[in-house]
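In what follows, a single structure is set out as structure tokens and then discussed.
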Amino acid sequence: MTPRRSKDLLFYLIALVVVAADQWSKYWVRSHLQPGVPWDPIPWLRPILSLTYVTNTGVVFGMFPGVNRLFVAVMIVVIGMILYFYYTMPTGTRLEILSFGLLLGGALGNLVDRLWLGRVTDFFDLNFWPLQDFAVFNVADSSVSVGTCLLVAFVLREMLCASKQSSG
């Protein structure tokens, strides 16, 4: 297998794992939890995290509710951009592959909800200060957040390395 093919396989495998975990967890939540009622699977975690089944038609973390159709179109464009940037990146380090795989998986996970259900299922509910009023979120949202942070870390690292090379 060529190095490019193995990187692509890893990229798509990461995205597939994220979509599978996201969709399975959302299915479980819809099947087992009552909407709006917090559930504490591990009682001692209650001060930190509960599972609360909510849905939203808005964008990231429930902002701008009611724009589901517009956001489907935006998500398709975003997925296209993720694929474009993944295939045009010059190096393809594991950090880049992981970050783009997480971004793609998260975007696809929430897009599936929007297309099939017309809304996104969320359930992670943080209870600790200062995040007790933070929006309820899901595996896909977490994946997009972590993927974005990893990509920012990669870009900053590359900028730092380039700066050191130009000054040294």
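The values are calculated or read from the model by the stated rules, or taken from the named source; none is laboratory data. Not measured: the values here are computed from a predicted model. Reconstructed Cβ throughout: ideal geometry from the backbone, glycine too, with neighbour counts over all protein chains shown.
Numbers below:
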{"quantity": "Unmet criterion (only one of (1) buried (at least 16 other Cβ atoms within 10 Å of the Cβ); (2) assigned to a loop (DSSP other than H, G, I, E, B)) for Thr91", "calculated": "(1)"}
{"quantity": "Set Tyr84, Tyr53: member being of a type in the set (Phe, Trp, Tyr) and either buried (at least 17 other Cβ atoms within 10 Å of the Cβ) or farther than 24 Å from Phe154 by Cβ (or both)", "calculated": "Tyr53"}
{"quantity": "Output for region 26-46, where each listed residue is exposed (fewer than 11 other Cβ atoms within 10 Å of the Cβ) and of a type in the set (Ser, Thr, Tyr)", "calculated": "Ser31"}
{"quantity": "Verdict on Gly101 being of a type in the set (Gly, Ala, Ser), farther than 29 Å from Pro130 by Cα, in contact with a Phe, Trp or Tyr (Cβ under 6 Å, 6 or more places away or on another chain) and touching a residue at least 12 places away in the same chain (Cβ under 8 Å)", "calculated": "yes"}
{"quantity": "Among (1) at pLDDT below 95; (2) under 29 Å from Val37 (Cβ atoms) - the single one Val146 does not satisfy", "calculated": "(1)"}
{"quantity": "Lone unmet requirement of (1) touching a Leu at 6+ places or on another chain (Cβ under 9 Å); (2) at pLDDT below 95; (3) within 21 Å of Phe124 (Cα to Cα) for Arg46", "calculated": "(1)"}
{"quantity": "Search result, residues across region 30-43 that are in contact (Cβ under 8 Å) with a residue 40 or more places away in the chain and over 13 Å from Asp125 (Cβ atoms)", "calculated": "Arg30"}
